[in-house]
Amino acid sequence: DAGVTQSPTHLIKTRGQQVTLRCSPKSGHDTVSWYQQALGQGPQFIFQYYEEEERQRGNFPDRFSGHQFPNYSSELNVNALLLGDSALYLCASSSPSVTDEQFFGPGTRLTVL
Amino acid sequence: AQRVTQPEKLLSVFKGAPVELKCNYSYSGSPELFWYVQYSRQRLQLLLRHISRESIKGFTADLNKGETSFHLKKPFAQEEDSAMYYCALSWDNTDKLIFGTGTRLQVFP
């Protein structure tokens, strides 16, 4: 099991563009959470998906949206990119029926120019 | 609102010295507290959580509800403990984690 995987590793976009980040959860996990980690900060919760629905959301604007597929993989979409969206985006998976431990992926580094 | 504070950005010690990484939280209910660690070029991983009351890699952390603290301690630091440490909070089985800003621990030989 490769654990949580994310793609791409790095991404460079310009202001106003749209971006899609992808996450495959650890085998056996059905819940995916997304976090934004700005430089020098701790991860900030964006939202969580379970059974293909957004279950919880942090304090992020509607420009941030997501999706979960039947195979539990997930996408994070960000529209109308701002310079301040430059950050490391982390995906974490869990299986709350078994354990509440969240397993993190390596992250996608997004740079907005 | 829930908040986690880690007052030290950097903590430097020599091998064999005791280590205490501070974490304070604000939440009026019963929180779940965690310590996550990120070693160089590795992903963020769970180190320990207060409900399990375990000692992992020699680290322990006690939840002090009176002082709203969850400090991470180790009596004798090792060079391999050098990493970034994040304190995190969740509540009411939400699985939503609130992280502190992290403390970088440097252990010198």
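Read-outs throughout are calculated quantities, based only on the coordinates presented, and are distinct from any laboratory measurement. Fair warning: this is a prediction, and the values are worked out from it, not measured in the lab. A quick note on method: Cβ atoms are made from the backbone with ideal geometry, for glycine too, and the neighbour counts reach across all protein chains shown.
Roughly how many debye, to the nearest 20, is the charge dipole of the protein assembly as shown about its Cα centre, given +1 on each Lys and Arg Cβ, -1 on each Asp and Glu Cβ, and no other charges?
On the way: 22 positive and 22 negative charges, 150 e Å.
It comes to approximately 720 debye.
Expressed in nm to one decimal, what extension gain is obtained for the pair B:ARG41 and B:GLU54 from 0.36 nm per residue of sequence separation less their Cα-Cα distance?
Stretched fully, the B:ARG41-B:GLU54 segment lengthens by 2.1 nm.
Report, to one decimal in Å, the Kirkwood hydrodynamic radius for the protein assembly as shown based on all distinct Cα pairs.
18.1 Å
Could you work out, residue by residue across B:34-46, how many beta carbons of other chains sit within 10 Å of that residue's beta carbon, and then give the average as an integer? Write out the running numbers ahead of the final one.
Numbers: counts 3, 0, 4, 0, 1, 0, 0, 1, 2, 10, 12, 5, 6.
What the average comes to for B:34-46 is 3.
Chain B: longest stretch without exposed trypsin sites (Lys or Arg not before Pro) (DSSP loop, at most 14 other Cβ within 10 Å), sites themselves excluded?
Formally, the longest exposed-site-free interval is B:66-109.
Within 10 Å of each candidate Cβ there may be at most 14 other Cβ atoms; applying that plus a DSSP loop requirement, which chymotrypsin sites (Phe, Trp or Tyr not before Pro) in segment B:1-49 survive?
Numbers: sites: B:PHE14, B:TYR25, B:TYR27, B:PHE34, B:TRP35, B:TYR36, B:TYR39; in loops: B:TYR27, B:TYR39.
Filter output for segment B:1-49: B:TYR39.
What stretch of chain B, leaving out the sites themselves, is the longest with no GluC sites (Glu not before Pro) in a DSSP loop having at most 13 other Cβ atoms within 10 Å?
Free of exposed loop sites, the longest segment is B:1-53.
Cβ under 13 Å from A:TYR35's Cβ, A:TYR35 left aside: what net charge do those residues give with Lys, Arg +1 and Asp, Glu -1?
+2
Using the Karplus curve 6.51 cos²θ - 1.76 cosθ + 1.60 with θ = phi - 60°, work out ³J(HN,Hα) for each residue of segment B:25-36 in order, rounded to whole Hz, and write x for Gly and Pro.
Running phi through 6.51 cos²θ - 1.76 cosθ + 1.60 with θ = phi - 60° gives 10, 10, 6, 7, x, 9, x, 10, 10, 9, 10, 10 Hz.
Which loop GluC sites (Glu not before Pro) in segment A:38-113, with loop taken from DSSP, have no more than 15 other Cβ atoms within 10 angstrom of their Cβ?
A:GLU51, A:GLU52
Can you flag which of B:LYS22/B:LYS65; B:LYS15/B:LYS96; A:LYS26/B:LYS9; B:LYS9/B:LYS57 are past 26 Å Cα-Cα?
In this structure, B:LYS15/B:LYS96; A:LYS26/B:LYS9 exceed 26 Å between Cα atoms.
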